[in-house]
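The values are calculated or read from the model by the stated rules, or taken from the named source; none is laboratory data. Not measured: the values here are computed from a predicted model. Counting neighbours? That spans all protein chains shown, and the Cβs are built from the backbone with ideal geometry, glycine included. What goes into the accessible areas is simple: the full protein's heavy atoms, side chains included, and nothing from ligands, DNA or RNA. Shrake-Rupley method; radii C 1.70, N 1.55, O 1.52, S 1.80 Å.
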Amino acid sequence: MSSRPRLLRLFLIFVTVLSAWLSFAKLHLSNDLTDLFPNRGMATMLTRYLRAFGGGDLAVVLVRGSDAAEVEAAAKDVAANLKTKPTVIRVLDEAPPLKSIDPTLAWAYAGPRAQQKLAEALTPQGMRERLAETRDLLLAPGSAQAEEWLARDPLRLSAIPWESRTELAAGVNASSGGMFVADEGRARLVVAQPKGSAFDSDDAAAFMDDANAAMDAARASHPSVTTAITGGHAIARATASLLQRDMILSGTLSTVFASLMFFLTFRRGRALIAVLPPLGLGTLWTSGIAAFFPGGLSAIATAFAAVVIGVGVDTGVHVYAALLDGRRRGLDPEEAARFARAQTWKPTLLAAVAAGFAFLSLGLSELTAVRQLGLLCGAGEVLTAVGILLVTPSIGALLEKKDPPKPPSPRWISLVEHLTATRARALGVLAVALVPVALLFVIGWPEPSDTLVAIRPRALVPLQVQHQIYEIFGSKEGQWLVVTADANRDRAMARADQVAEELDRLTENGTIEGYDSLTSFAPSVDLQRERLKARDALDLPKKRDDLVRALVETGFDPDACAPGIDAFSHPSEETHAVDPSGPLAWLVSRHVAVDHGDTLVVSYVRPAGDPKKDAAAMQAIAAADAGTVVTGYQALEIALRASLAHDLPIVGGIALLLAIVTLRTILKRGTDVALSLATILIEVAAVALLMRLMHVRWHVYDALVLPVLIGITMDESMFLLHAARSGQKEGESLDRTISRALREQGALVISTGLTTAAGFGALLVCKFEGLFDLGAVGALGSALGLLSALLVVPAGLRAMEKSSS
């Protein structure tokens, strides 16, 4: 028999060392926010898009200042500095110059709007107008470099497809000169293509180190200029830093707050020595489990440390109280340790298992991040309880050699006893307690709020920079992602071309505000040929004489423009396939990627924001290609609300069933189970009501805490009822029963309730809004659950006793 404790100690040492190694060597935070997305509807395509494109997203540096010349110089310095960095593939501080092409090939790159302009340019009046503009260009200073081009293309047909503003990601616009400039030159953009994936923390960190060095050097030379960066790598790095900060700070505060509550309960600093080590062990073991998540620990799941610490202290409160009770009964320290284990192992373990399974019910959620949180908190709840039951009594036996202190007798107990001293008062307390239920029935459940705030933290500087760019460069947030997916790359490109053609028409008639597609710069070969057929229908050779006549009428020498005239005689049939590694590689990487064997081609669309126009645009896109999906963060919002409607009843039902089974096992009586469930009902109703009144955001990431609270906060009512019924077995009066239950368990129940609230409350320091909201609901629920148990249990006992007599 003596070998069993030794083997158990060796096993615990092995598990602890392994968990420590996993936690420090293998555990990492995921900066992939798609773990927060549901796998349903259009959100599925958004997830595919982000995983395919997000890792290779372009980085955009915003350069601003009060002096346009200084801003231009600083932007050039940033671009030059970035070009020297090993983590940068290429840099653009202006829209890429388009190669000079045969003017008769302009049709190959012209969408419906540009084709109409080309046709108008070939009319006699159109020719004269464009030649007049060409003459003005030649008379302008510095025009010598354009003479050769204008001789080959006097009508400037090759410029027509790009005469409108060039859009980058549906809203970042290049001026007609090709520069990404706004605010009269006081704002410029430098676009870089980083190496590696934004989802790889090492790649993101390496690029950001280089980018920051490049911006720092530019600011040193131009102190009046500011620089800021956004893009996938910047967002990923900022997200990882934010989550690391939130996890460390909330975990630390949870430990401090829980320790403070524990100290105020026992008024003995030595008690912390008995509880904190096993609590730390349980949390460490849980961290070891977290290291096995292949994609890393998701944003919402980082809350596990604060929650596990806050909830885990509950077991320590009851175990240490039992140890002191054993000492008060005259038991020596070792006997008191055994007594504490014998008295508490069943109720505390059952409560921990019930709470653990309540957390584990989150594993049925559609969201990966929520499933992670449920698994870790569920495992942590049980592991900390096991650690405390194994270790705390033994440490306590070493610490409690002297006479134990008297049990605490808080003054509030007398107030509760007074409020529930008679049946009339007890019924009054119950009536007041049921007010939140009645009010909630009248005004309704909280309305789902803006979920995107919870997963796109406003504290992330790169997201703030992104918003500034949208404002400065004349765009807005909320763009659509129009994604075409196909197992065949050429077919995907051809289908996306058809969609882009429709987007061009929608822009012309005002149904959408604008779009950015690969087709605008590099249409597929098939589409080029189709467009050249439209050119041939105009019969360019017959337009040759019209061109010569227009040249003479506007004062040009036809002989000087012979190359352009001859091009009309023999229109080119040449087509060009885009080179993925050529000068437009950065553009291709923004529009084409591969996901699980499918080629994804995306166009970025700025919708009008008018419901009728937006609906018409979606119908037109579907008509152009039925398999193309319109997605974006607006689709994510819809999917997240659907996930909330799906997950809440399932998680709530399972948590309620587990609570009933646990309560029935401990309390035996059906009336006691009903009374305990009544405290939970009042708690949940009060939380929902206060969320409406306090405007706490209601979304899938915090709403699922409510059913979990069923398993967590039932402890308070369960221990009060268990203590009360034990007194009745000894023949005590009801008054004595309620008083003894409150005096034996009241202080402990307050301690467990407040430590749980402290664990959730520590999340209120988080800058990640989803964690903040989760903490707010959890802390509110824990505090209200405690208040409900302290009032409803004694009032209910009084009311039931009177009614049955």
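Restricting ALA211, ALA240 to residues that are over 27 Å from LEU390 (Cβ atoms), in contact with a strand residue (DSSP E or B) (Cβ under 8 Å, 6 or more places away or on another chain) and at pLDDT 85 or above narrows the list to ALA211.
If you take the residues of the range 289-304 that are over 16 Å from the mean Cα position of the chain (by Cα) and open to solvent by 10 Å² or more (accessible area, probe 1.4 Å), which of them is farthest from ILE248 (Cα to Cα)? Only one residue fits best here, namely PRO294. When the residues of the range 429-449 are filtered to those that are surrounded by 12 or more Cβ atoms within 10 Å (Cβ to Cβ) and not in a helix (DSSP H, G or I), the one that is modelled with the lowest pLDDT is SER449. Return yes when ALA258 is modelled with pLDDT of 90 or more, of a type in the set (A, V, I, L, M, F, W, C) and open to solvent by less than 10 Å² (accessible area, probe 1.4 Å) and no when it is not. No; evaluated as a whole, the condition is false for this residue. Among the residues of the range 16-34, those identified as open to solvent by 40 Å² or more (accessible area, probe 1.4 Å) and part of a helix (DSSP H, G or I) are VAL17, LEU18, TRP21, PHE24, ALA25, LYS26. Taking the numbered list (1) out of contact with any helix residue (DSSP H, G or I) (no Cβ under 7 Å at 6 or more places or on another chain); (2) buried (at least 19 other Cβ atoms within 10 Å of the Cβ); (3) under 30 Å from ARG186 (Cβ atoms) in turn, MET493 passes all entries but (3). When the range 401-428 is filtered for residues that are open to solvent by 60 Å² or more (accessible area, probe 1.4 Å) and acidic (Asp, Glu), only ASP403 remains. Condition test on ARG692, is it part of a helix (DSSP H, G or I), open to solvent by 30 Å² or more (accessible area, probe 1.4 Å) and touching a Pro at 6+ places or on another chain (Cβ under 7 Å)? Judged against the criteria, ARG692 is a match. The set of residues in the range 508-538 being open to solvent by less than 40 Å² (accessible area, probe 1.4 Å) and assigned to a strand (DSSP E or B) consists of ILE512, GLY514, TYR515, ASP516. For the range 630-652, the criterion of being within 30 Å of the chain's Cα centre (by Cα), assigned to a loop (DSSP other than H, G, I, E, B) and over 30 Å from GLY785 (Cα atoms) is met by at least one residue.
The condition of being of a type in the set (Phe, Trp, Tyr), out of contact with any Phe, Trp or Tyr (no Cβ under 8 Å at 6 or more places or on another chain) and in a loop (DSSP other than H, G, I, E, B) holds for only one of PHE556, PHE568, that being PHE556.
If you go through the range 574-604 and keep only what is among the β-branched types (Val, Ile, Thr), farther than 15 Å from LEU58 by Cα and crowded, with 16+ Cβ neighbours inside 10 Å, you end up with THR575, VAL578, THR599, VAL601. Considering (1) under 18 Å from PRO794 (Cβ atoms); (2) assigned to a helix (DSSP H, G or I), the lone condition that GLY363 does not fulfil carries the number (1). Going residue by residue through the range 547-554, is there one that turns out to be touching a residue at least 24 places away in the same chain (Cβ under 8 Å) and within 30 Å of VAL91 (Cα to Cα)? Checking the range 547-554: not a single residue is touching a residue at least 24 places away in the same chain (Cβ under 8 Å) and within 30 Å of VAL91 (Cα to Cα). Here GLN619 passes the criteria (1) open to solvent by 60 Å² or more (accessible area, probe 1.4 Å); (2) in contact (Cβ under 8 Å) with a residue 12 or more places away in the chain except the one numbered (2).
Among the conditions (1) closer than 19 Å to ALA762 by Cβ; (2) in contact (Cβ under 8 Å) with a residue 24 or more places away in the chain, the only one that ALA358 does not satisfy is (1).
Looking across the range 591-608, just one residue is of a type in the set (Gly, Ala, Ser) and in contact with a His (Cβ under 9 Å, 6 or more places away or on another chain), and that is SER603.
Among the residues of the range 319-335, those that are closer than 26 Å to THR283 by Cα and either in contact with a helix residue (DSSP H, G or I) (Cβ under 7 Å, 6 or more places away or on another chain) or at pLDDT below 90 (or both) comprise VAL319, TYR320, ALA321, ALA322, LEU323. Being farther than 20 Å from GLY356 by Cβ and charged (D, E, K, R), is that true of even one residue in the range 703-722? Looking through the range 703-722, none of the residues is farther than 20 Å from GLY356 by Cβ and charged (D, E, K, R). For the range 539-573, the tally of residues that are open to solvent by less than 80 Å² (accessible area, probe 1.4 Å) and among the basic types (Lys, Arg) stands at 2.
Answer yes or no: is there a residue in the range 214-227 that is open to solvent by 20 Å² or more (accessible area, probe 1.4 Å) and within 22 Å of the chain's Cα centre (by Cα). No, the range 214-227 has no match at all.
Please determine whether any residue of the range 231-238 is crowded, with 23+ Cβ neighbours inside 10 Å and more than 30 Å from VAL588 (Cα to Cα). No: the range 231-238 contains no residue that is crowded, with 23+ Cβ neighbours inside 10 Å and more than 30 Å from VAL588 (Cα to Cα). For the range 456-479, check the following and say yes or no: at least one residue is in contact with a Ser or Thr (Cβ under 6 Å, 6 or more places away or on another chain), closer than 30 Å to GLN244 by Cβ, at pLDDT below 90 and among the polar types (S, T, N, Q). There is at least one residue in the range 456-479 that is in contact with a Ser or Thr (Cβ under 6 Å, 6 or more places away or on another chain), closer than 30 Å to GLN244 by Cβ, at pLDDT below 90 and among the polar types (S, T, N, Q). Checked against the criterion of being in contact (Cβ under 8 Å) with a residue 40 or more places away in the chain and within 30 Å of ASP403 (Cβ to Cβ), the range 279-288 contains one or more residues that satisfy it.
Contact map, the range 79-101: residues that are at pLDDT below 90 paired with residues that are open to solvent by 70 Å² or more (accessible area, probe 1.4 Å), Cβ distance under 7 Å, separation 6+ or inter-chain. Pairs shown: ILE89/LYS195; VAL91/LYS83; ASP93/LYS76; PRO96/PRO583; SER100/TRP149. Put simply, of ILE654, ILE682, ILE710 the only residue that is β-branched (Val, Ile, Thr), closer than 30 Å to ALA723 by Cβ and surrounded by fewer than 21 Cβ atoms within 10 Å (Cβ to Cβ) is ILE654. Of all residues in the range 606-616, exactly one satisfies the criterion of being free of Cβ contacts under 8 Å to residues at least 60 places away in the same chain and not in a helix (DSSP H, G or I), namely ASP610. When the range 291-318 is examined, which residues are found to be out of contact with any helix residue (DSSP H, G or I) (no Cβ under 6 Å at 6 or more places or on another chain) and part of a helix (DSSP H, G or I)? Passing the criteria: none in range.
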